[in-house]
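Below is one structure; the comments refer to it alone.
The values are calculated or read from the model by the stated rules, or taken from the named source; none is laboratory data. This is a predicted model, so every value here is computed, not measured. Cβ placement follows ideal geometry from the backbone for every residue including glycine, while neighbour counts extend to all protein chains displayed.
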Amino acid sequence: MDDRKNIRLETGYGGIMNRLLWQPGRDRIKSSNMYRFMKIVNEKFNRNFTDYEALYKWSILNIPDFWGTLWDFIGIRSSHLYDRVIDDETRMPGAKWFPGARLNFAENLLRYRDDRTAIIFKGEGNMPGKITYRELYNETAKLARSLRETGVRPGDRVAGFMPNMPETITAMLAASSIGAIWSSCSPDFGVRGVLDRFGQIRPKVLFASDGYWYKGKRFDSLERVSGMAKELPSIERVVVVPYTFRRPDIGNIPGAVPYAEFLSRESGLEIEFEQLPFDHPQYIMYASGAADLPRCMVQGAGGVLINHLKELILHTDLKREDTVFYLTTTGWMMWNWLASALGTGAAIVLYDGNPFYPDPGVLWRMAQDEKITVFGASAGYITALMNTGITPGKKYNLAGLKTILSTGSPLSVDGFNFVYNEIKKDLMLSSISGGSDINGGFAVSNPMGPVYEGEIQCRGLGVRVEAFDERGRPVFDRKGELVCTAPVPSMPLYFWDDPDNLKYKSDYFNIYPGVWRHGDLIEINDHGGVIIFGRSDATLNPRGVRIGTAEIYRQIEHFDEIEDSVIISQEWKNDIRAVLFVKMAKGHELDEDMKTGINKTLRENVSPKHVPAKIISVPDIPYTHVLKKAELAIKQVIQGQKMLNRDALKNPEALDFFIGLKELQED
């Protein structure tokens, strides 16, 4: 095979040649779920599709036919079938999907109840523990009974402040079986960061661990849990899961009860799965913008379910015999995505801890020992792994590994080559891109197609993704705004406490009415591949974690020594880093003690992921005429791009300081 096939120059991607790295063999193609689905479409609709691109074009031009066929293919369990697939595929937002259907999210994830492994859990320093599908069902049944007895009803919020551990999955499933709405934050978030989120949605029950482990150290969560419980009067019960201590002291937490005491002692329980509309709320996810509190995005049970199973079964080619892992916290949408893999009957692997402790091989030993077939992580993890000098493919037996998934930020060309050179040559490297906003992907993987250097393989079936130029026209083979020009089932139903959808429309539909603008710059090329260039708006994405600038500013405002600040993301060494610029108050200077204090405040009050890579003193902060910080303008200047409209700034001369700034060229 000529590995230089279809080479072409990508002038918008650093002048890098896109080289063919991998092609699935004929047997792998024909045994894929995607191939089987394509055959069903051909038979049902009298088509003769032989490749993915033709199937994709049909799926976006025949949206009701595609999603209806998918419903049958993946076997959505419902007590009542839908009346029609969609009421109006031209209306966005507001299209109604599968009206008339009645189903339960948890019932679809708990369809298997046998003795095959459902969950493998590995925490730092612990031997892996395993839970079967039968055990998972029984534990969920007990927890659901306890939640009902506590008074949890459909529409109530149940929140988790938990590590990535089995009890978190069980709590979500138990809440979902009742029709309660689940929302979670990673336990490394500070109290303020959690209150900014849970304070808006007012949960009735909070699940929390006593702490978590990171780099061999125990971190106590109980003081923060106590602070949250006292600040959130809506919480009637705090269920504390012991993780770092056998019997944690929970006496200072209002309404607290140990997990073991809360869990029903009855055995042989059957779960009463509430049968609810397709668009009944399932998750509340969070999106941080450049101002105001984080947006609380309410997502429907049916929409998340069918979209996740589409991506897992068709695009990832997940089957019952697979073991799938994703390196994620409970605050990232990839946790929700991984949990949905239970609906395929595969075994899911949960990991809690630092992925490089006690050494860079920890996850690859786990992949070897647990025979992981699908391994997922952020692009930032792969970049960091490259820098350690480790060669997983030579050190560990990865014979069963068939797919590597990467998301969070664009995977560099060097990252692509590292995977094939140092991990395994014969696998599908699936760089994927989407967001918490849709709890899924816009650009995803294709088990029937090739992998090109630096490219995402394809756009997702049924998702009408385009790149728009400055005039709102679709373009190919050049950079443009990522937009979605037709509804997708997993788009948010609404934002919490946004009755007229004003925030929702402002976030996604204010530039192109009736068209979802996601805020990424992409290129769609002539063979259907996608290249992501990062955010087109001011939201930060360091190490693949989307961060709103407002969360930073709220903390910086507490420093009397700082008059003003602005934070942006900078492309740096095949990754993205956050850089904080501060304008010091008169009579004060930025010194190392001040930097330490800023980082400590952000780490403790928001999360460690919000700590900037660099803090730099500047004479002034540029603003727009409507007194908004010109974050995007600064980003354009430091990346050497031409600012399109300096007249939009109140003080454009402030930008000049950022041009060629020496400190931005250093580690």
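Remarks
- Criterion: surrounded by fewer than 16 Cβ atoms within 10 Å (Cβ to Cβ), hydrophobic (A, V, I, L, M, F, W, C) and on the phi < 0 side of the Ramachandran plot - qualifying residue of Ala256, Ala260, Ala208, Ala229: Ala260
- Subset of region 459-518 that is at pLDDT 95 or above, in contact with a Gly (Cβ under 6 Å, 6 or more places away or on another chain) and in a loop (DSSP other than H, G, I, E, B) - its residue that is farthest from Ile306 (Cα to Cα): Leu493
- Exclusive hit being in contact with a helix residue (DSSP H, G or I) (Cβ under 8 Å, 6 or more places away or on another chain), at pLDDT below 95 and surrounded by 13 or more Cβ atoms within 10 Å (Cβ to Cβ), set Ile29, Ile74, Ile16, Ile7: Ile16
A quick yes/no check of all residues on (1) crowded, with 24+ Cβ neighbours inside 10 Å; (2) more than 15 Å from Ile120 (Cβ to Cβ); (3) β-branched (Val, Ile, Thr):
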{"residue": "Gly303", "(1), (2), (3)": "yes, yes, no"}
{"residue": "Leu314", "(1), (2), (3)": "yes, yes, no"}
{"residue": "Asp322", "(1), (2), (3)": "no, no, no"}
{"residue": "Ala384", "(1), (2), (3)": "no, yes, no"}
{"residue": "Gly408", "(1), (2), (3)": "yes, yes, no"}
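- Selection count where residues are part of a loop (DSSP other than H, G, I, E, B), out of contact with any Pro (no Cβ under 8 Å at 6 or more places or on another chain), under 27 Å from Val515 (Cβ atoms) and not acidic (Asp, Glu), scope region 50-91: 2
- Strands (runs of 3 or more DSSP E) completely within region 296-408 that count 2 or more residues being at pLDDT 95 or above, touching a Gly at 6+ places or on another chain (Cβ under 8 Å) and not acidic (Asp, Glu): 323-326, 403-407
- Any hit, region 185-199, residues being modelled with pLDDT of 95 or more, in contact with a strand residue (DSSP E or B) (Cβ under 8 Å, 6 or more places away or on another chain) and basic (Lys, Arg): no
- Of residues in region 345-384 being out of contact with any Ser or Thr (no Cβ under 9 Å at 6 or more places or on another chain) and among the polar types (S, T, N, Q), the one farthest from Glu321 (Cα to Cα): Asn354
Okay, residues lined up against (1) touching an Asp or Glu at 6+ places or on another chain (Cβ under 8 Å); (2) without any contact (Cβ under 8 Å) to a residue 12 or more places away in the chain; (3) farther than 30 Å from Ser490 by Cα; (4) of a type outside the set (Gly, Ala, Ser):
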| residue | (1), (2), (3), (4) |
| --- | --- |
| Thr330 | no, no, no, yes |
| Met333 | no, no, no, yes |
| Asn336 | no, no, no, yes |
| Asn354 | yes, no, yes, yes |
| Ala367 | no, no, yes, no |
| Phe375 | no, no, no, yes |
| Tyr396 | no, no, yes, yes |
| Gly400 | no, no, yes, no |
| Glu422 | no, no, yes, yes |
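Condition check ((1) under 24 Å from Ser409 (Cβ atoms); (2) of a type in the set (A, V, I, L, M)) across all residues:
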site: Glu466; (1), (2): yes, no
site: Gly472; (1), (2): no, no
site: Lys479; (1), (2): yes, no
site: Val483; (1), (2): yes, yes
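- Flag if Trp22 is over 30 Å from Pro487 (Cβ atoms), at pLDDT 95 or above, surrounded by 14 or more Cβ atoms within 10 Å (Cβ to Cβ) and not charged (D, E, K, R): yes
- Set side by side, the residues Ala175, Ala141, Ala171 differ, and just one is of a type in the set (Gly, Ala, Ser), over 14 Å from Val239 (Cα atoms), at pLDDT 95 or above and out of contact with any helix residue (DSSP H, G or I) (no Cβ under 6 Å at 6 or more places or on another chain), which is Ala141.
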